[in-house]
Amino acid sequence: MKILITGAAGFVGSRLAKTLLDRGDQVVGFDNFDPYYDRVHKERHLRDLLPKKGFTFSEADLRDVDAMAAIFQRHRPEAVVHLAAMAAVRYSVKHPLVYGHVNVQGTMNLLDAARLCDPQIRFVIASTGSVYGTSTPVPFTETAAADRPLASYPASKRAMELMAHSFHHLFKIPTTIVRFFNVYGPYGRPDMMPWQWTLDILAGKPLTLYGAGKLKRDWTYIDDIVAGLILALEKPLPFEIINLGCSNPVENVRFVQVLEGLLGRKAEIVDTPTPASEPQISYANVAKARELLGYSPKVQVETGLANFIGWMREEKII
């Protein structure tokens, strides 16, 4: 299969690309190397991809309508996994406008380029469990309205989901939207909590935990996310929204305790009130993913963090 991956130099995109290439698929990838974090990290992600047979990569931006059209016309992919986005809830609080430009308009540009090329190109689109906000009963199920997002990032992702539905409704583009929950693991982004907390613990810097560390997050290991994406690729559906999580929320204070054990250092914890952008819990009900896709997350936090710290040491990041 020939698969277009947007954000192919990113955390999830690069690991998905590697898995697909290793099993013999062709991958067309692009990334715009947004300066939100240092380009060196994305270049590290590409290191084990660029030499591989079947991998084509270019630098391009979702906001460039002509570039999107050219990619589809040149490569004629059979499927698209759309991962490129402006991420991070906290960053979106201070920089809201870019989330509309990239996540909403950029996704529309991509969908329209696919429509004009071949409306039967199937899509798997990454969204976020953050769309559920604080008004949804736990565990979060896909039937929830998800209409009270707490920041521009989840709001833009929910808008993106709705735009994708409109393209499916009008042009019959087969689309599966997967809502990610707190993805972590090797090749993770440097702005993510596991990375930042690890560096802070080792440097002896105070580590901020909201609400006495009682916030719970449904930490989902990268390999489980990649497995879910591939299952979604292999089973095209007319239009569905599906949670991809571990379905086992862990208190942040427990997450830090696991890091402390792996690093052999104690964290200096500062208790801070929870900001308005942060929900008390993220918790994916994955029954739909299990039923429709055969998804079954396997990696718990203790194993996932051990793998993450091992990778950071191998890469001499710590």
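Checked against the criterion of being within 30 Å of MET163 (Cα to Cα), out of contact with any Cys (no Cβ under 8 Å at 6 or more places or on another chain) and not small (Gly, Ala, Ser), the candidates PRO297, PRO238 yield just one match: PRO238.
Quick one: would you say LEU16 is under 21 Å from TYR187 (Cβ atoms) and under 18 Å from the mean Cα position of the chain (by Cα)?
Numbers: under 21 Å from TYR187 (Cβ atoms): yes; under 18 Å from the mean Cα position of the chain (by Cα): yes.
Yes, satisfied.
For region 9-58, filtering for residues that are out of contact with any Lys or Arg (no Cβ under 9 Å at 6 or more places or on another chain), within 15 Å of VAL80 (Cβ to Cβ), of a type outside the set (S, T, N, Q) and without any contact (Cβ under 8 Å) to a residue 60 or more places away in the chain leaves 2.
Scanning region 286-303 for residues that are in contact (Cβ under 8 Å) with a residue 40 or more places away in the chain and among the basic types (Lys, Arg), we see that the one that is nearest to VAL226 (Cα to Cα) is LYS298.
For the residues ILE281, ILE230, the requirement of being within 22 Å of the chain's Cα centre (by Cα), surrounded by 17 or more Cβ atoms within 10 Å (Cβ to Cβ), more than 22 Å from TYR210 (Cα to Cα) and hydrophobic (A, V, I, L, M, F, W, C) singles out ILE230.
Please enumerate the residues belonging to region 288-307 that are within 18 Å of LEU233 (Cα to Cα) and surrounded by 14 or more Cβ atoms within 10 Å (Cβ to Cβ). Result: LYS288, ALA289, ARG290, LEU292, LEU293, TYR295, PRO297. Residues in region 256-268 that are surrounded by 16 or more Cβ atoms within 10 Å (Cβ to Cβ) and touching a residue at least 60 places away in the same chain (Cβ under 8 Å) were compared, and the one that is nearest to MET192 (Cα to Cα) is LEU259.
Has region 188-209 got any residue that is within 12 Å of the chain's Cα centre (by Cα), more than 20 Å from ILE281 (Cβ to Cβ) and surrounded by 16 or more Cβ atoms within 10 Å (Cβ to Cβ)? Working first, answer last.
Just the residues of region 188-209 that are within 12 Å of the chain's Cα centre (by Cα), to begin with: 188-189, 192.
Pick out the ones that are also more than 20 Å from ILE281 (Cβ to Cβ) and you get 188-189.
Pick out the ones that are also surrounded by 16 or more Cβ atoms within 10 Å (Cβ to Cβ) and you get 188-189.
Checked against the condition, which is being within 12 Å of the chain's Cα centre (by Cα), more than 20 Å from ILE281 (Cβ to Cβ) and surrounded by 16 or more Cβ atoms within 10 Å (Cβ to Cβ), region 188-209 yields at least one hit.
Values quoted throughout were computed directly from the atomic coordinates according to the rules given, and no laboratory measurement underlies them. None of these values were measured; they are calculated from a predicted model. Cβ coordinates were reconstructed from backbone atoms using ideal geometry, including for glycine residues, and neighbour counts include every protein chain displayed.
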